[in-house]
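Written out below as C-alpha coordinates is the structure these notes cover.
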Amino acid sequence: YNTPRGRLMSFGHRGDRRHYPENSLEGILSCIHMGVDMVEVDAQLTRDGVLILMLDSKLDRTTNWPRLRKEPHPGLPDSDYVRDWTYEQLCHLRLRDRSGRETDCRIPTAAQAIRLCAGRILILFDHVNDTRLLLPLVEQYDREPLCTKTWHWNIGDLWVLSTFDPLNSALIKQRFET
(Lines give C-alpha, C1' and ligand atoms only; values in the text may rest on other atoms or scores of the structure.)
Protein backbone atom coordinates (compact mmCIF):
# COMPACT_ATOMS: atom_id res chain seq x y z
CA TYR A 1 0.00 0.00 0.00
CA ASN A 2 1.12 3.54 -0.70
CA THR A 3 0.51 6.66 1.34
CA PRO A 4 -1.21 9.65 -0.26
CA ARG A 5 2.28 11.05 -0.89
CA GLY A 6 3.33 7.88 -2.73
CA ARG A 7 5.55 6.37 -0.02
CA LEU A 8 5.27 2.61 0.38
CA MET A 9 3.79 1.66 3.76
CA SER A 10 5.26 -1.13 5.87
CA PHE A 11 3.16 -3.65 7.79
CA GLY A 12 4.07 -5.87 10.72
CA HIS A 13 2.00 -9.03 10.20
CA ARG A 14 1.05 -10.09 13.75
CA GLY A 15 3.85 -7.82 14.97
CA ASP A 16 7.57 -8.58 14.73
CA ARG A 17 7.29 -12.37 14.51
CA ARG A 18 10.98 -12.74 13.72
CA HIS A 19 12.00 -11.73 17.23
CA TYR A 20 8.84 -12.08 19.38
CA PRO A 21 5.74 -14.25 19.54
CA GLU A 22 2.99 -13.31 17.12
CA ASN A 23 0.27 -10.99 18.42
CA SER A 24 2.36 -10.02 21.45
CA LEU A 25 2.81 -6.54 22.91
CA GLU A 26 6.57 -7.05 22.64
CA GLY A 27 6.23 -7.73 18.90
CA ILE A 28 4.09 -4.63 18.44
CA LEU A 29 6.53 -2.49 20.41
CA SER A 30 9.40 -3.79 18.26
CA CYS A 31 7.48 -2.70 15.13
CA ILE A 32 6.98 0.74 16.66
CA HIS A 33 10.72 1.03 17.37
CA MET A 34 11.57 -0.06 13.80
CA GLY A 35 9.29 2.64 12.35
CA VAL A 36 6.76 0.25 10.84
CA ASP A 37 3.61 2.06 9.62
CA MET A 38 0.96 -0.46 10.61
CA VAL A 39 0.70 -3.60 12.70
CA GLU A 40 -1.86 -6.27 11.87
CA VAL A 41 -3.28 -8.29 14.77
CA ASP A 42 -6.00 -10.86 15.35
CA ALA A 43 -8.41 -11.29 18.24
CA GLN A 44 -10.32 -14.08 19.96
CA LEU A 45 -13.00 -13.85 22.63
CA THR A 46 -12.51 -15.40 26.08
CA ARG A 47 -15.23 -17.04 28.20
CA ASP A 48 -15.62 -13.84 30.23
CA GLY A 49 -15.95 -11.61 27.15
CA VAL A 50 -12.42 -10.21 26.87
CA LEU A 51 -10.94 -9.77 23.40
CA ILE A 52 -7.38 -11.09 23.43
CA LEU A 53 -4.77 -10.97 20.68
CA MET A 54 -4.56 -14.41 19.09
CA LEU A 55 -5.18 -15.77 15.62
CA ASP A 56 -6.01 -19.36 16.52
CA SER A 57 -9.14 -20.42 18.37
CA LYS A 58 -6.99 -23.06 20.09
CA LEU A 59 -4.08 -22.51 22.49
CA ASP A 60 -1.82 -25.37 21.39
CA ARG A 61 0.27 -23.66 18.67
CA THR A 62 1.03 -20.30 20.29
CA THR A 63 1.15 -20.96 24.05
CA ASN A 64 2.80 -23.26 26.56
CA TRP A 65 -0.56 -24.93 27.31
CA PRO A 66 0.47 -28.28 25.70
CA ARG A 67 3.31 -28.55 28.24
CA LEU A 68 1.24 -27.38 31.20
CA ARG A 69 -1.73 -29.63 30.55
CA LYS A 70 0.44 -32.72 31.16
CA GLU A 71 0.19 -32.01 34.90
CA PRO A 72 -2.92 -31.06 36.89
CA HIS A 73 -3.36 -27.32 37.31
CA PRO A 74 -6.24 -26.48 39.64
CA GLY A 75 -8.29 -23.58 38.39
CA LEU A 76 -7.31 -24.00 34.73
CA PRO A 77 -9.78 -25.55 32.27
CA ASP A 78 -8.93 -28.80 30.55
CA SER A 79 -9.60 -27.34 27.13
CA ASP A 80 -7.54 -26.22 24.16
CA TYR A 81 -10.06 -23.54 23.15
CA VAL A 82 -9.71 -19.85 24.03
CA ARG A 83 -13.51 -19.60 24.42
CA ASP A 84 -13.35 -21.95 27.43
CA TRP A 85 -10.83 -19.82 29.36
CA THR A 86 -11.27 -16.56 31.26
CA TYR A 87 -8.70 -13.84 30.72
CA GLU A 88 -7.44 -14.31 34.29
CA GLN A 89 -6.81 -18.00 33.56
CA LEU A 90 -5.02 -17.17 30.31
CA CYS A 91 -2.64 -14.93 32.28
CA HIS A 92 -1.06 -18.14 33.63
CA LEU A 93 0.10 -19.08 30.12
CA ARG A 94 3.14 -17.85 28.18
CA LEU A 95 3.39 -17.30 24.46
CA ARG A 96 5.69 -19.37 22.27
CA ASP A 97 7.77 -17.94 19.45
CA ARG A 98 7.59 -19.19 15.87
CA SER A 99 10.17 -21.88 16.66
CA GLY A 100 7.92 -23.19 19.45
CA ARG A 101 10.14 -21.94 22.29
CA GLU A 102 8.36 -20.72 25.39
CA THR A 103 8.92 -17.02 26.14
CA ASP A 104 8.12 -14.69 29.02
CA CYS A 105 5.51 -12.93 26.87
CA ARG A 106 1.90 -13.07 28.01
CA ILE A 107 -1.32 -13.03 26.03
CA PRO A 108 -2.39 -9.38 25.64
CA THR A 109 -5.88 -7.95 25.39
CA ALA A 110 -7.08 -5.95 22.39
CA ALA A 111 -7.43 -2.95 24.72
CA GLN A 112 -3.77 -3.23 25.76
CA ALA A 113 -2.73 -3.35 22.10
CA ILE A 114 -4.84 -0.33 21.19
CA ARG A 115 -3.38 1.66 24.10
CA LEU A 116 0.16 0.69 23.07
CA CYS A 117 -0.45 1.65 19.43
CA ALA A 118 -2.36 4.86 20.10
CA GLY A 119 -0.50 7.83 18.69
CA ARG A 120 2.40 5.67 17.53
CA ILE A 121 1.36 3.22 14.81
CA LEU A 122 -1.71 2.22 12.84
CA ILE A 123 -3.39 -0.97 13.96
CA LEU A 124 -5.37 -3.30 11.72
CA PHE A 125 -7.59 -5.90 13.38
CA ASP A 126 -7.78 -8.66 10.79
CA HIS A 127 -9.34 -11.84 12.16
CA VAL A 128 -11.70 -10.88 14.97
CA ASN A 129 -14.32 -13.39 16.03
CA ASP A 130 -16.69 -10.71 17.38
CA THR A 131 -16.25 -7.28 15.83
CA ARG A 132 -19.13 -5.91 17.93
CA LEU A 133 -16.86 -6.03 20.98
CA LEU A 134 -14.03 -4.28 19.17
CA LEU A 135 -16.09 -1.26 18.16
CA PRO A 136 -16.60 0.08 21.71
CA LEU A 137 -12.82 -0.08 22.26
CA VAL A 138 -12.22 1.85 19.05
CA GLU A 139 -14.83 4.43 20.05
CA GLN A 140 -13.36 4.74 23.55
CA TYR A 141 -9.94 5.67 22.22
CA ASP A 142 -11.34 7.69 19.31
CA ARG A 143 -12.96 10.14 21.75
CA GLU A 144 -9.68 10.76 23.53
CA PRO A 145 -6.39 12.04 22.13
CA LEU A 146 -5.11 8.45 22.30
CA CYS A 147 -6.52 7.45 18.93
CA THR A 148 -4.10 5.95 16.47
CA LYS A 149 -2.63 8.80 14.47
CA THR A 150 -1.38 8.77 10.91
CA TRP A 151 1.84 10.62 11.49
CA HIS A 152 3.29 10.05 8.01
CA TRP A 153 0.66 12.12 6.27
CA ASN A 154 -1.95 14.62 7.32
CA ILE A 155 -5.34 12.92 7.04
CA GLY A 156 -6.23 12.97 10.73
CA ASP A 157 -7.20 9.99 12.84
CA LEU A 158 -7.40 6.70 10.99
CA TRP A 159 -8.61 3.29 12.05
CA VAL A 160 -8.48 0.29 9.77
CA LEU A 161 -10.85 -2.55 10.54
CA SER A 162 -10.69 -5.56 8.28
CA THR A 163 -13.38 -8.19 8.06
CA PHE A 164 -14.43 -10.85 5.59
CA ASP A 165 -17.99 -10.89 6.95
CA PRO A 166 -20.35 -8.56 5.06
CA LEU A 167 -22.59 -8.24 8.14
CA ASN A 168 -19.65 -6.97 10.19
CA SER A 169 -18.74 -4.55 7.40
CA ALA A 170 -22.28 -3.17 7.39
CA LEU A 171 -22.26 -2.86 11.19
CA ILE A 172 -18.93 -1.01 11.15
CA LYS A 173 -20.08 1.33 8.38
CA GLN A 174 -23.38 2.08 10.12
CA ARG A 175 -21.71 2.64 13.50
CA PHE A 176 -19.17 5.16 12.20
CA GLU A 177 -21.44 7.02 9.80
CA THR A 178 -23.86 8.03 12.56
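The values are calculated or read from the model by the stated rules, or taken from the named source; none is laboratory data. On a predicted model such as this, the values are computed, not experimentally measured, just so you know. Note that we place each Cβ from the backbone using ideal geometry, even for glycine, and neighbour counts take in every protein chain shown. Note: accessible area is taken over every heavy atom of the protein model, side chains too, but ligands, DNA and RNA are not part of it. Shrake-Rupley method; radii C 1.70, N 1.55, O 1.52, S 1.80 Å.
One table, with the values for the structure above:
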read-out	value
Some residue of the range 131-143 being modelled with pLDDT under 95, within 16 Å of the chain's Cα centre (by Cα), of a type outside the set (Phe, Trp, Tyr) and in a loop (DSSP other than H, G, I, E, B)	no
Subset tally (residues that are modelled with pLDDT under 95, in a loop (DSSP other than H, G, I, E, B) and either within 14 Å of the chain's Cα centre (by Cα) or under 19 Å from CYS91 (Cβ atoms) (or both)) for the range 23-49	1
Test: residue in the range 92-110 that is charged (D, E, K, R) and in contact with a Cys (Cβ under 8 Å, 6 or more places away or on another chain)	yes
Per-region count, the range 37-64, residues in contact (Cβ under 8 Å) with a residue 24 or more places away in the chain, over 26 Å from ILE121 (Cα atoms), in contact with an Asp or Glu (Cβ under 7 Å, 6 or more places away or on another chain) and open to solvent by 10 Å² or more (accessible area, probe 1.4 Å)	2
Qualifying residue in the range 92-106 (condition: in a helix (DSSP H, G or I) and either modelled with pLDDT of 95 or more or of a type in the set (A, V, I, L, M) (or both))	no
Single residue of VAL82, VAL128 found to be within 19 Å of ALA43 (Cβ to Cβ) and either open to solvent by 60 Å² or more (accessible area, probe 1.4 Å) or at pLDDT below 95 (or both)	VAL128
Residue match in the range 3-14 (condition: under 14 Å from LEU122 (Cα atoms), touching a helix residue (DSSP H, G or I) at 6+ places or on another chain (Cβ under 6 Å) and not hydroxyl-bearing (Ser, Thr, Tyr))	yes
